[in-house]
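Everything below concerns the one structure shown next.
None of the figures in this text is laboratory data; all of them are computed from the coordinates on show. Computed from a prediction, not measured in an experiment: that's the story for all the values here. When we count neighbours, we look across all protein chains shown, and the Cβ atoms used for this are built from the backbone with ideal geometry, even at glycine.
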Amino acid sequence: MRTSVVAPYSAYLRVYEPLAAFPEPDRSRWADYVRDVHTRRAWGAGTTAELTAQEQRMAMEGILATPPEPAPPHESEDAFVAEIDGVPVICPRQTRLRCWTALADMRREFPPVVLDAFWPRVVLAQAEADHDRWRADNPDVQPHIHSSTWHVPMRWFVLFAQDERVLVAPEGGQPEGVRAEGAEDAGDGWELYYRTPMVQARRRVARALRVLRDTLEEGALISGLEHLGRWLEEFHPRAMVELDFGGLVRLIPSGDLAEERTAEHVAEGLTALAAGDGARASEAYRRITERWSAVRALEHAS
């Protein structure tokens, strides 16, 4: 069933793991889930975009509830499902864990007076206590999904090569690389994502960190990439990493989606830094900021 709620203006970094990565009884449960997903997909149901929009609808229902629910009372039993060489891999949605993590981030970023505008303090205190109890029982469980609103963090592109990009047109849309005359419409119905094996993602992070540590001072770029690398190390070595532009495609003209080359520009910048070519590195950085500054500006548009 399709939902009337559209996906938010967010991008997602997901890790899909093979069934062997999960202990029993979760492994058997996910195996049954995969078989069910394959059956439903044969009937044209359960796309990634639809699941993301459904997740957004459930979050809105929680916020509007009385009292509001900053996190679901129970963990999601759903997952995103893909394949690597015919082998199913899954990315658990972990909606409750991700809500708890987002709340913890908000508490670090905003003062209590700002948070009061969204949730009563007693509700936030209860959510924090629930998270602490769960973490005590599950100290090694990591969220399989990171999200980012209004932009894709530059460090995410480090994980991918340009030829790993996939652009999917909506029904009746122009194929990739074809731009209709005067086409400036937003990318409604389009999908854009990158996928790479975990081993490649880890290698690219390691190479990028070597270059950045040799050429730049310690800062947010290096620390953010270090954190990303540590997160990837928590998962199965035969996992797959996916960068999904999600609802951000609706902010980018459909013709520009076919010309999206940020991963290539990030790789060019790192190569230039390694070679000591500051001018070429600056040019690559300029292309990246030009690409995303217009999108990020829409966050504050009236």
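Observations, loosely collected:
- Extension reserve of the VAL122-GLN162 stretch, reckoned as 0.36 nm per residue once the Cα distance is removed: 9.7 nm
- Full extension of the chain between GLU218 and ARG35 gives 61.2 nm of extra length, using 0.36 nm per residue less the Cα-Cα distance.
- The alpha carbon gyration tensor of segment 43-162 gives principal lengths a ≥ b ≥ c with a/c of 1.5 or higher and a/b greater than b/c, which makes the shape prolate.
- Pairwise FRET efficiency - ASP256 versus VAL141, Cβ, R0 = 45 Å, nearest 0.05: 0.75
- Sequence-separation-based contact order of the chain, relative, with Cα cut under 8 Å and 6+ spacing, percent: 25
- Residue-averaged 222 nm ellipticity for the chain, from DSSP H runs of 4+ at -39500 (n - 2.57), nearest 500: -15000 deg cm²/dmol
- Between ALA82 and ALA102, the contour length at 0.36 nm per residue exceeds the Cα-Cα span by 4.7 nm.
- Separation of alpha-carbon centers, segment 9-35 and segment 97-140, rounded to whole Å: 25
- Gyration tensor (Cα) of the chain, equivalent ellipsoid semi-axes in angstrom: 30, 25, 23
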